[in-house]
1. Compute the relative contact order of segment 106-221 as a whole-number percentage, counting only Cα pairs closer than 8 Å that sit 6 or more residues apart in sequence.
2. Give me the distance in nm between label points sitting 7 Å out from Cα along the Cα-to-Cβ direction at residue 207 and residue 225, one decimal.
3. Once the principal axes of the Cα atoms of segment 120-189 are found, what is the range along each, listed largest first in whole angstroms?
4. Going by a ≥ b ≥ c, the root eigenvalues of the Cα gyration tensor, does segment 152-206 fall in the rounded group (a/c under 1.5), the prolate group (a/b larger than b/c) or the oblate group?
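Where a number appears in this text, it was derived from the coordinates with a stated rule and is not lab data. Since we're looking at a predicted model, the values are computed, not measured. Glycine also receives a Cβ, built like all others from the backbone with ideal geometry; neighbour counts cover every protein chain displayed.
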């Protein structure tokens, strides 16, 4: 749907398991380990925590433990070192796991004049370089407190659950987005508030629970299955087969949604 006069449109994309086929934190675990930021035990604990989130097993208590783990893990890290590691290893660790379908959707939204906003629970130091590589316009991510160039362990903003939706409403108010016309894409049940915050929510590769919620809320359902090396695709003409498939799925859902609303 093109932008209407006077009303701006944005597409909000979750990052982990939506734009990329893995967790961004897990993707950088090896270079973080090599740089002395984390131990082997940290790698295992973080992998297990992210596993719980992606299979929908994280309750409020587990969410708080994950937040505390993130706080304790990062205390004392040099923020400049983190950004340097991410920037230097970005293509090695992120390029191979970007979904082709997500790249095509980002390109299509830009072609329609929509802004693209990456919304992620990962830290800004990880998310911003990835978003820049993808050509995203804005970022919403977890913000860690930094004093004298080092993380204190305090979390200024945790971009998770309802906080994502709140941040989306804030950026919409600041930039003039009409959320009823906006789009959101996520694979995670914990991002239900994010999908509900816009007029066009899409569940990506949903599990049974998220698929059921998508049906109940009238959200679209998309299947992303083609991680590809991103670098050769940064400024290409979109691959016809993938573009037609993904855009067709979105367009088909919009037609179905419009018909459903007319019946209601």
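1. Over segment 106-221, the number comes to 16 percent.
2. In this crude spin-label approximation the distance works out to 2.0 nm.
3. Extents along the principal axes, in whole Å: 41, 27, 26.
4. oblate
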